[in-house]
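The values are calculated or read from the model by the stated rules, or taken from the named source; none is laboratory data. Predicted, not measured: the structure shown is a model, and the values here were computed from it. Because the Cβ atoms are built from the backbone with ideal geometry, glycine has one as well, and the counts that use them run over all protein chains shown. Keep in mind that these areas ignore ligands, DNA and RNA; they rest on the heavy atoms of the full protein, side chains included. Shrake-Rupley method; radii C 1.70, N 1.55, O 1.52, S 1.80 Å.
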Number of protein chains: 2
Amino acid sequence: MSNIYLGVIGVGGVGTAFLNQLARLPNAPKLILLARSTQTLLAPTPAYSPAIPAGDWKAAAETPSLTKSGALSPEEIASYLSSAPGRSILVDNTSDPALASSYPVFLRKGISIVTPNKKGFSSDLSLWKEIFAAAAEGKALVYHESTVGAGLPVISTLRDLVATGDEVTRIEGVFSGTLSFLFNTFAPVSGASNAKWSEVVAQAKELGYTEPDPRDDLNGMDVARKLTILARIAGLEVQGPDSFPIESLIPAELASLPSTADGISQFMTKLPSFDSQMAAIKEGAEKQGKVVRYVGSVDVAKKEVRVGLQQFDKDSAIAGLKGSDNIISFYTKRYGSNPLIVQGAGAGGEVTAMGVTADLIKVIQRLG
Amino acid sequence: MSNIYLGVIGVGGVGTAFLNQLARLPNAPKLILLARSTQTLLAPTPAYSPAIPAGDWKAAAETPSLTKSGALSPEEIASYLSSAPGRSILVDNTSDPALASSYPVFLRKGISIVTPNKKGFSSDLSLWKEIFAAAAEGKALVYHESTVGAGLPVISTLRDLVATGDEVTRIEGVFSGTLSFLFNTFAPVSGASNAKWSEVVAQAKELGYTEPDPRDDLNGMDVARKLTILARIAGLEVQGPDSFPIESLIPAELASLPSTADGISQFMTKLPSFDSQMAAIKEGAEKQGKVVRYVGSVDVAKKEVRVGLQQFDKDSAIAGLKGSDNIISFYTKRYGSNPLIVQGAGAGGEVTAMGVTADLIKVIQRLG
């Protein structure tokens, strides 16, 4: 265990929480590379020592004992890590698609990957296949629990179901904390809300629950990427997150507004004129005694992936969700009509980092 | 992976389902010992070959290619497995306390343990400590996911929370499929049931949802054992399942009836005279707008473990449980007021075996 070396990229919300968790791990691997967009900290070669103190990297960056560099290419990072005197692991705490497309470079050199970055697993199917082929070739491991539901045991549970020979027939759930909050507030089970859709969106934006541009949540793309990952693990060859229907909650008339601050402001200003459309959707569900929720589903037998609005019985687990929780239901042959359900916070720096740290521990146990 | 050897004890419901799952695993370890109460099948020494075909062991038992023996002692089994030409794993699919108390013997010899048998982890605290000390000494692994919630990811989730440094403050849930069914039927959220308690117990017995002697479910001991295991993983030094209050649902007046067929029959006959007691408990909850459920809880800060009846809000996840499902809520510092929840079937041969098989795969990955 002492002979495992770690490179970490990204020091945003998840990255910082991860480094704090890493600093508290007993028998932590040696942190020898820490990169952010413009700067890279490295343990000096050829000794790969001293290591970077994970909990105190900012102060250490000011000392002469570590090597500093500008941004390194994935190839340079892979070369540095693979020359370390032991097995090495790359933790990618970014959401960078370019870095994700380089995973095969790392894996072929025997560097394992641990990441919450969805891009490598939810982009073109060829990249997915190349990642796992490269891992087999390099005898390296790939763990990515936090790509779906943050630290909730979603990926691991699905992999266990598949590996033990269960037949997963359907996966369905609420995969976005933002959209969970919007619909739990807009259309609560109690029916007691008169809030307009645009008001709920504005409130969520105010509370910091949405991306800076709420359209990045409302377009459904984040949910589509998560569904792509789950569908692939369940055995479907999904070409990409754009190869199945995604119901966007951005009114077509507002889709072409620019992503600038001015465009966002225009979007928020014009959204109220579409409130009657969302009210009609809500009332349509109410008439059936149901509520509307934004969900994703994979029907394995029909090879169908869907992302969009659906009506749910008021006593269903999905309808009863609170706050910005995620819920994921696995219907399988063994579990029958009552699914295996995982529920809880599906976003946030600490819980996302927890999934990364738990994965790291498992990779260390397998390499160690 | 090809150099891992497997001994399996127990061919009951879980054992049989496990052997069928094992037979379908790619790169399965070699099954070299299969024991049931009176008979043991062995791959012949010194070659430890041919292996026993997991899916077809009954037919193989009739061939001369395998060695047959009567029941072997744990020491004899440990000696046989530890002499195999590779790492070995014992899968204990029994609920035998004597075998569980011998886990240290196996572990010290480097034999890993995978089991759904609660006894080793929920009996005296000294045995719990000895098991994990012996594992460290023998560099062997111990996995026991199916001891709580069958194949649901309960143990693994709790271990991940603890290992990554989260603070688990409270664990609560419904841990018995039988008691789940009894209360979901007796006191449904809809309030629409007029069934008497004794009728519900009789129905559950009829359906095979209870143990042959329903008192083995109603005494709460099975739930207490599961809570003992969770509390210990969360860091509490619980002496045993009898060191905290357990609310038994067996009326004191009927507790001394013998466990014979006649005693069971007398119990079922006399149970209706206690229906008014259970009706009062149900109505007491109704008056508060709540429902009553049989739950277990661990309060980590207060170092308190409790097993018994509690009232729950009708819109709570525990109240809304269906069929004989389990639900386990983990309250932690990181997850805040909305817990991480795992829900689904917590009993049954196939799903229990799934937890065992998934554990086996993880042990193989770590040894391989």
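On inspection, B:A202 passes the criterion of being small (G, A, S), in the same structural domain as B:G320 (by the TED database), touching a helix residue (DSSP H, G or I) at 6+ places or on another chain (Cβ under 8 Å) and in contact (Cβ under 8 Å) with a residue 24 or more places away in the chain. Residues in segment A:49-71: is at least one in contact (Cβ under 8 Å) with a residue 40 or more places away in the chain, in the same structural domain as A:S95 (by the TED database) and not hydrophobic (A, V, I, L, M, F, W, C)? No.
Scanning segment B:132-150 for residues that are in a loop (DSSP other than H, G, I, E, B) and in contact (Cβ under 8 Å) with a residue 60 or more places away in the chain yields a total of 5.
Selection over segment B:161-186 of residues that are open to solvent by less than 10 Å² (accessible area, probe 1.4 Å) and at the interface with chain A (Cβ under 9 Å from one of its Cβ atoms) gives a count of 2.
Here A:L158, A:L107, A:L90, A:L152 are screened, and the one residue that is closer than 30 Å to A:K205 by Cα and surrounded by 23 or more Cβ atoms within 10 Å (Cβ to Cβ) is A:L152. Counting the residues of segment B:120-131 that are within 20 Å of B:F18 (Cβ to Cβ) and in contact (Cβ under 8 Å) with a residue 60 or more places away in the chain gives 1. For residues that are over 23 Å from A:G323 (Cβ atoms) and within 12 Å of another protein chain (Cβ to nearest Cβ), scanning just segment A:134-149, find the one that is surrounded by the most Cβ atoms within 10 Å (Cβ to Cβ). Taking the candidates together, the pick is A:Y143. Of the residues making up segment A:1-29, just one is buried (at least 16 other Cβ atoms within 10 Å of the Cβ) and at positive phi, namely A:G10.
Selection within segment B:289-308: residues that are among the basic types (K, R) and assigned to a loop (DSSP other than H, G, I, E, B). The member of this set that is surrounded by the fewest Cβ atoms within 10 Å (Cβ to Cβ) is B:K302. Evaluated against (1) within 13 Å of the chain's Cα centre (by Cα); (2) not assigned by the TED database to the domain that holds A:P258; (3) not charged (D, E, K, R), A:A134 falls short on exactly one condition, (1).
Checking each residue in segment A:309-320 for being more than 10 Å from chain B (Cβ to nearest Cβ), open to solvent by less than 50 Å² (accessible area, probe 1.4 Å) and farther than 15 Å from A:F181 by Cα picks out A:Q310, A:F312.
Within segment B:321-334, if we keep just the residues that are at the interface with another protein chain (Cβ under 7 Å from one of its Cβ atoms) and at negative phi, the residue that is surrounded by the fewest Cβ atoms within 10 Å (Cβ to Cβ) turns out to be B:K322. Applying a threshold of 6 Å to beta carbon distances and a minimum spacing of six or more residues, or different chains, the list of pairs starting in segment A:286-299 at a residue that is free of Cβ contacts under 8 Å to residues at least 24 places away in the same chain and ending at one that is in a loop (DSSP other than H, G, I, E, B) is empty.
Look at segment A:237-260: where a residue is open to solvent by 30 Å² or more (accessible area, probe 1.4 Å) and a partner is acidic (D, E), sitting 6+ places away or on another chain with Cβ atoms under 8 Å, you get A:Q239/A:D124; A:S259/A:D213.
For segment B:335-368, the tally of residues that are buried (at least 23 other Cβ atoms within 10 Å of the Cβ), assigned to a loop (DSSP other than H, G, I, E, B) and within 8 Å of chain A (Cβ to nearest Cβ) stands at 1.
What do you reckon, is A:L31 within 27 Å of A:P104 (Cβ to Cβ) and outside any helix (DSSP H, G or I)? Yes: the conditions hold for A:L31.
For segment B:311-326, a residue qualifies if it is in contact with a helix residue (DSSP H, G or I) (Cβ under 8 Å, 6 or more places away or on another chain) and within 24 Å of A:T332 (Cα to Cα), and the qualifying residues are B:L321, B:K322, B:G323, B:S324, B:D325, B:N326. Of the candidates A:V174, A:V189, A:V154, A:V162, the single residue that is farther than 23 Å from A:I111 by Cβ and touching a Ser or Thr at 6+ places or on another chain (Cβ under 6 Å) is A:V174. Can you find a residue that is surrounded by 20 or more Cβ atoms within 10 Å (Cβ to Cβ) and in a loop (DSSP other than H, G, I, E, B) anywhere in segment B:190-208? No, segment B:190-208 has no match at all.
Among the residues making up segment A:40-85, those that are surrounded by 14 or more Cβ atoms within 10 Å (Cβ to Cβ) and assigned to a loop (DSSP other than H, G, I, E, B) are A:A43, A:Y48, A:P50, A:A51, A:I52, A:P53, A:L66, A:L72, A:A84. Residue check: is A:I264 open to solvent by 20 Å² or more (accessible area, probe 1.4 Å), in contact (Cβ under 8 Å) with a residue 24 or more places away in the chain and more than 27 Å from A:T228 (Cα to Cα)? Answer is yes for this residue. The condition (being assigned to a helix (DSSP H, G or I), in contact with a Gly (Cβ under 9 Å, 6 or more places away or on another chain), away from chain A (no Cβ under 14 Å) and more than 30 Å from B:K139 (Cβ to Cβ)) is satisfied by just one residue among B:E253, B:E286: B:E286.
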